[in-house]
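Here is the structure we will look at, set down as C-alpha cells.
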Amino acid sequence: MTKLRPKAESQGEGPDGGYGWVLVGALFVSTSLVFGLMRSLGIFFVEFVQYFDESAQAISWISSTGLAAQQFFSPLGAALCNAYDTRWVVMTGGCLAALGLILASQATCLVHLYLTMGVISGLGWGLVFTPMVATVMANFTRRRTLALGLAFSSIGLSSFAFNPLFQLLVELYTWRGALLILGGLSLNIVPCGALIGPQRRSKAPAKVVSESGVSCASFLQRASSYLELPLLFERPYITYTLAISLLNVGYFVPYFHLVAHSRQVGFSEYQAAFVMSAAGATDILGRIASGWFSDLGHFRLIHLLSVWTTLAGVFIMLLPVSSLSGSYAALMVISLLYGFCSGALTSLVFAVVPMIVGVERMMGALGLLQLIESGAGLLGAPLSGLLKDITGDYTASFMVCGGFVVLGTLTMVTLPHYFSRKDPPPPKSLSPEDPDKGLHAELEQMHSSPSDMNDLTGEVTNNRLPEDTYS
Amino acid sequence: MIPGKRRAAVMSFSLAIIGALLLQTVSSQNEPSIASSDHTSLPVEGDSYLLQCNLTSAHSVHQESYWMKNGEEIAETRSPNRNTEYFLKKPRGDAAGVYMCVYTFETAPPANATIEVKSAPDIIGHKRSENKNEGQVAVLYCKSTGYPYPIWNWRKFDNGFPREIDNSSGRFTISSRDNYTELHIANLDINLDPGEYHCNATNMLGTRDEKIVLRVRSNLAPLWPLLGVLAEIIILIVIIVVYEKRKKPDDLQDDDDHAGPVKTNSTNNHKDKNLRQRNTN
C-alpha cells in the first residue's frame, strides 16, 4: 500500500489509490449487501404471500418501507458521522441491518416484517450507505468516479448472484432460516466498516467549541450543522437536488415496466425477461465505463452527467416507439442503450456532489440529497402505473418518465457556472475560528459544480412498488 | 268358491293386467326413444370418436338438445336438431367420463341417453417433491383422469420395497374422492417420515403409479451456516483490529493543524494522532 499523505489540503483533495482501493472493496461489499439484497427480496415475497395469506401489494410494502427508511435515515447517518467516528456508525448500521433480518425470521405477522425488515434494517442500511460512499469519495480525487463506478457495479452483479442464491436458501431452509442466514451475511458490513480507519474531524465541531453545556439551542445548532441543513439554502445545491429528484421520478421506471411492456407488445415471457437481464448487464458496464471515462478528465463531470441523463431520457422515450414496429431487435437495442446510460449516470451522480458543496460537507450533502430525492422516487412508479391504467399501454408512462429525466437535465443546466470550461473552485472549507460566520461564508462560496444524483437509491426504489417485475 | 264369483275375479284380474300392459304400451309410446352411440374406451381406433344421439320417436315437440359431461353442460352444444353429435377429436385421458345427450321438450320432461367413455387412469397432477419442516403437516396429493373413477392407494417405498403405510401413530390421513386423493401427514418426524411415497390409481381398465419424494428439514438446520458466517465475520474483524494495532506505532504521522483543536466532543484526541490517518475532509 502506498503511503498516505494525510495533510489535509484546504481544497479537501484526497489521495488516490492505495488504501482507497481497499475502501472501494469495502463499499463494493456493503453496497451489494444493502441494495443488492434489497433488490433480491422479491424471492421472499412469494413465500410471504403464501405464508401470511396477504395480497402482493401488502407484501411489497415491506421493501418499500425498507428503502424509504434507508433514504430517510441517510441524513441521520451523515450527521452521526459528522459528530462521531464514521467507522462506528457503519458498524452499528451493519449490526442493525443484521438484527432486523434476524428478528424478521421470527416474525409471526406482517406488521412484524414491516418493523423489522422495514424499519430496523432500513435504519441500519441508512447508517451504512451514505457514510461509506462519502468516505470512499473523500479518499479519491482524480479517480473518484471510477472508484464509485466499480463499487456500484456491485449492485447489478450481486442481484444477479443473489436471486438464485436466495432461491436456494429458501428451498433448503424455508424463508425463516433463509432470513436468519441473510442476517448473518449482512453482518459482513461490520468488517467493511472496520476497514474505515478513525477519522480526523476537521469540521463542524469547531462551531461548538464556544458553546458550553447541553442546552437545547446549542444541541439544535450542532444538529443542524451536522445535518448540513444550511445547504438547503444554497442555490447550487438546491438546483442539483431538484434536478436529481426529477431524474429520479422517471429514470428507473423502465426497470419496473419493461417486462410488462414487452409482454404487452407481444413478446414471450423469456424474451421479455431476457431484455431485462441484458439491460442489467449493460447497466454494470455503463457504470464502470463511465467511471473510467469521467476520470480521464477530458470533460467536466457535470457535462458528462448531462449527456448521460439526456441520452437516458431519450432512450426511455424511444422504448415504446421501438416496439411499435414489433421488432425484437429494436427493443433490445434501445434497452441495452438505456441500461448503459442509466448505469453511466449512476457513477456520476454522487461524484458531482463534492464539486458543488466541497468535500467537507459532502457527507451531510449526500444524506440530505438521498432524503429529498426519495420523495421523488416514491412518485415515479405509481405515476407511471396510473398512466398505464388510464391509457391502457405503457407509451404514455414511458414518455412522461423520459420527459421528467430530460427536465432534470434542463434543471441541471441552470446551475451556476454550468457553461464554463473548467470546474469552478469548490467552496473553501470553513475555518474553525469563526463559527458564527459559517453560514454566511457558505453562502458566499456557492461555486460548486452540479450535484449528484441518487440513482442508487432511485434504482432500489424499484423494489418498493407493487409490480415486482424488476429482477 | 261360487263359480260365478271366480269367473268375476279372473275377469277383473285379467282386465287389470291388460290395463297395465296397455298403460305401459301407451306410456312407452309416450316416452321418447333415443338411439345413441355405444360405450367405448380410450384409446380409440383412428384419431377421434363421434358421440351420436338420434331422437327416433317422441310424442311432444322437442325444443333443443345439448350435451353434458360428468353432470355439467358442455358449452356451445345446444342445437335444435333431433340428430345431435359431439365430436371427440384426439381424445386423451381427460376426455373420459360419462357423456349425456339431453333433449328438452315443451310439454314433457327432458329425456337423455348416456354414453360412457372409459379409460385407464392417468395421474396428471402431483408434486414431484415436498420439503417441509419437522413438526409441520405435509400434504401429498395426486390427481387423475380416466373413467370409471379409480380406487386410490398410498404406499411408502423403503429401499425399493413397497410397504403399506404404518399408521400406528395415527398421524396419517388419506382422503380420496373421485379423481383426487390426498395423504396428510401430521407432526412430521425427521427420522421416520422422509422418503418416497407412491399414489396408485386403479380402475377396471388399468392401473397407474406416481412417485412423490418427501423431505423433512430440521428446525436447527439454518443455524449451521449462520454460525459459519458469524465465525467468518469474527475472524475478519480480529484480523482488521490486529492489523491496525500493529500499524499503530509505525504510522506516527503529523497531525495537520485542523485535526487538533477541532476535536472537542471526542475523547480520543490523542489516540487519533497516532493512528493511521485517513483523509476525511
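Each reported figure results from applying straightforward, stated rules to the coordinates on display, with no laboratory input. Computed from a prediction, not measured in an experiment: that's the story for all the values here. Quick reminder, even Gly has a Cβ in these numbers, built from the backbone with ideal geometry, and neighbours come from all protein chains shown.
For B:GLU64, what residues show an amide H to amide H distance below 5 Å, using hydrogens built from the backbone and excluding near sequence neighbours?
The answer is B:THR104.
Students often get this wrong, so check it: of B:LYS69/B:LYS211; B:LYS69/B:LYS127; B:LYS118/B:LYS156; B:LYS118/B:LYS211; B:LYS118/B:LYS143; B:LYS89/B:LYS127, which have C-alpha atoms separated by over 19 Å? Intermediate results must be reported in sequence, preceding the final value.
On the way: B:LYS69/B:LYS211 30 Å; B:LYS69/B:LYS127 27 Å; B:LYS118/B:LYS156 29 Å; B:LYS118/B:LYS211 24 Å; B:LYS118/B:LYS143 17 Å; B:LYS89/B:LYS127 29 Å.
Too far apart for the 19 Å limit: B:LYS69/B:LYS211; B:LYS69/B:LYS127; B:LYS118/B:LYS156; B:LYS118/B:LYS211; B:LYS89/B:LYS127.
At what distance in angstrom do the alpha carbon centres of the stretch A:40-101 and the stretch B:97-131 lie from each other?
After rounding, the separation between the Cα centres reads 54 Å.
Net charge near B:HIS198: determine it from the other residues with C-beta under 14 Å of the C-beta of B:HIS198, scoring Lys and Arg +1 and Asp and Glu -1. Please report the intermediate quantities before stating the final value.
On the way: positive: B:LYS127, B:ARG128, B:ARG155, B:LYS156, B:ARG163, B:ARG208, B:LYS211; negative: B:GLU130, B:ASP158, B:GLU164, B:GLU196, B:ASP209, B:GLU210.
Once all neighbours under 14 Å are counted, the net charge is +1.
Between B:THR114 and A:GLN167, what is the FRET efficiency for a Förster distance of 41 Å, r being their Cβ-Cβ separation, to the nearest 0.05? Provide the component values of the computation, followed by the final result.
Values: r = 50 Å, r/R0 = 1.22.
With R0 = 41 Å, the Cβ-Cβ based efficiency is 0.25.
To the nearest 0.05, what FRET efficiency results for B:SER129 and A:ALA217 with a Förster distance of 56 Å applied to their C-beta separation?
0.25
Between B:SER33 and B:SER169, what is the label-point separation in nm under the 7 Å Cα-to-beta-carbon projection?
Between B:SER169 and B:SER33, the label points sit 6.4 nm apart.
Averaged across the residues of A:167-180, what count of C-beta atoms belonging to other chains lies within 10 Å of each residue's C-beta?
Values: counts 0, 0, 2, 1, 4, 6, 11, 8, 0, 3, 10, 2, 1, 5.
That average works out to 4.
Starting from the 7 Å offset along Cα-to-Cβ, what nm value, one decimal, do you get for the label separation of B:TRP224 and A:GLN57?
Spacing of the two 7 Å Cα→Cβ label points: 4.4 nm.
Only counting other Cβ atoms within 10 Å, I'd like B:ARG92, A:ARG144 sorted with the fewest neighbours first. Walk me through the intermediate numbers first.
On the way: B:ARG92 13, A:ARG144 28.
By the 10 Å Cβ count, ascending: B:ARG92, A:ARG144.
Would you mind calculating the relative contact order of the stretch A:286-377 from Cα pairs under 8 angstrom and at least 6 residues apart, reporting the percent as a whole number?
Working: 66 pairs, mean separation 34.5, N = 92.
About 37 percent, as a whole number.
Give me the percent relative contact order of the stretch B:127-217, please, defined on Cα pairs under 8 angstrom at least 6 residues apart.
Relative contact order of the stretch B:127-217: 41 percent.
When only C-alpha pairs under 8 Å and at least 6 residues apart count, what is the relative contact order of chain B, in percent? Walk me through the intermediate numbers first.
Numbers: 488 pairs, mean separation 36.7, N = 281.
Taking the mean separation of contacting Cα pairs over the length of chain B, I get 13 percent.
Placing one identical point scatterer on every Cα of the stretch A:19-164 and ignoring solvent, what is log10 I(q)/I(0) from the Debye formula at q = 0.15, 0.17, 0.19, 0.20 Å⁻¹?
Listed by q, the Debye log ratios stand at -0.75, -0.92, -1.09, -1.17.
Where does helix B:223-247 land angle-wise versus the long Cα axis of chain B, in degrees 0 to 90, nearest 10?
The angle comes out at about 20 degrees.
With a ≥ b ≥ c taken as the square roots of the eigenvalues of the C-alpha gyration tensor of chain B, please select rounded if a/c is under 1.5 and otherwise prolate if a/b is larger than b/c or oblate if it is not?
Details: a/c = 4.42, a/b = 3.12, b/c = 1.41.
Since a/c reaches 1.5 and a/b is larger than b/c, the shape of chain B is classed as prolate.
Which of rounded, prolate, oblate describes the stretch B:30-107, given a ≥ b ≥ c as roots of the alpha-carbon gyration tensor eigenvalues and a/c under 1.5 marking rounded, otherwise prolate only if a/b is larger than b/c? Intermediate results must be reported in sequence, preceding the final value.
Details: a/c = 2.45, a/b = 1.95, b/c = 1.26.
Here the stretch B:30-107 falls in the prolate category.
Between 0 and 90 degrees, rounded to the nearest ten: what's the tilt of helix B:3-30 against the longest Cα principal axis of chain B?
50 degrees
Using a 10 Å cut-off on Cβ atoms, rank the peptides A:172-178, A:312-318, A:326-332 from the highest mean neighbour count down.
Details: A:172-178: 21.7, A:312-318: 23.6, A:326-332: 16.0.
Highest to lowest by the protection proxy: A:312-318, A:172-178, A:326-332.
Please compute, for peptide A:29-36, the average count of beta-carbon atoms on other protein chains lying within 10 Å of each residue's beta-carbon. All intermediate terms of the calculation are to be shown ahead of the outcome.
Details: counts 0, 0, 0, 0, 0, 0, 0, 0.
Average neighbour count from other chains, rounded to a whole number: 0.
Would you work out if the stretch B:127-217 is rounded, prolate or oblate? Take a ≥ b ≥ c from the square roots of the eigenvalues of the alpha-carbon gyration tensor; rounded if a/c is under 1.5, else prolate when a/b is larger than b/c, oblate otherwise.
Working: a/c = 2.02, a/b = 1.80, b/c = 1.12.
The shape class here is prolate.
Let me know the mean shielding of A:134-141 by other chains, meaning the per-residue number of their Cβ atoms within 10 Å of its Cβ. Each step should come with its number before you reach the end.
Details: counts 2, 3, 0, 1, 4, 4, 1, 1.
The mean count of partner-chain Cβ atoms within 10 Å per residue comes to 2.
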